[in-house]
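Structure record follows, encoded as structure tokens.
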Amino acid sequence: MALFLVISNPRPERPSEMASRRQSFWPWIGKYEAAGVCKQIHARVGRGAVALFDVESNDQLHRILNEWADIIPAEFDVYPLVDVEATRKMLAAQVAANKDS
């Protein structure tokens, strides 16, 4: 599994024109939350959202973002993340390697 932080930047339509589509977003993302794929989702002040996804592949994330953009047209900033435990192990290995040098 791979973690990604996704920040949506919706197109600048009037919010009132997108209200019904925005309402359909929450049940849609709720299915991914229930499946454990969307670990967290938060609405941003003003417009947009921030989500943490745990996906099996880039293809799965690509499909999710295309579905999202079909509901609310947006650009996405996508940040791959490293699990905290994996980071701790990597740092411990680096420290150990430097001690042996």
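Every test in (1) open to solvent by less than 40 Å² (accessible area, probe 1.4 Å); (2) modelled with pLDDT under 95 is passed by Ala92 save one, and that test is (1). State the number of residues belonging to segment 25-56 that are free of Cβ contacts under 8 Å to residues at least 12 places away in the same chain, assigned to a helix (DSSP H, G or I) and either within 18 Å of Met1 (Cβ to Cβ) or open to solvent by 40 Å² or more (accessible area, probe 1.4 Å) (or both). Final tally of qualifying residues: 5. Only residues that are open to solvent by 70 Å² or more (accessible area, probe 1.4 Å), free of Cβ contacts under 8 Å to residues at least 60 places away in the same chain and either touching a helix residue (DSSP H, G or I) at 6+ places or on another chain (Cβ under 6 Å) or farther than 30 Å from Ser16 by Cβ (or both) were counted in segment 57-86, giving 5.
Assigned to a helix (DSSP H, G or I), touching a residue at least 40 places away in the same chain (Cβ under 8 Å) and either open to solvent by 90 Å² or more (accessible area, probe 1.4 Å) or of a type in the set (Lys, Arg) (or both), is that true of Arg22? For Arg22, the condition - assigned to a helix (DSSP H, G or I), touching a residue at least 40 places away in the same chain (Cβ under 8 Å) and either open to solvent by 90 Å² or more (accessible area, probe 1.4 Å) or of a type in the set (Lys, Arg) (or both) - is met.
The values are calculated or read from the model by the stated rules, or taken from the named source; none is laboratory data. From a predicted model like this one, the values you see are computed outputs, not experimental measurements. Methodologically, a virtual Cβ is constructed for each residue, glycine included, from the backbone with ideal geometry; neighbour enumeration extends over all protein chains shown. Just the protein is used for accessible areas: all its heavy atoms, side chains included, with ligands, DNA and RNA removed. Shrake-Rupley method; radii C 1.70, N 1.55, O 1.52, S 1.80 Å.
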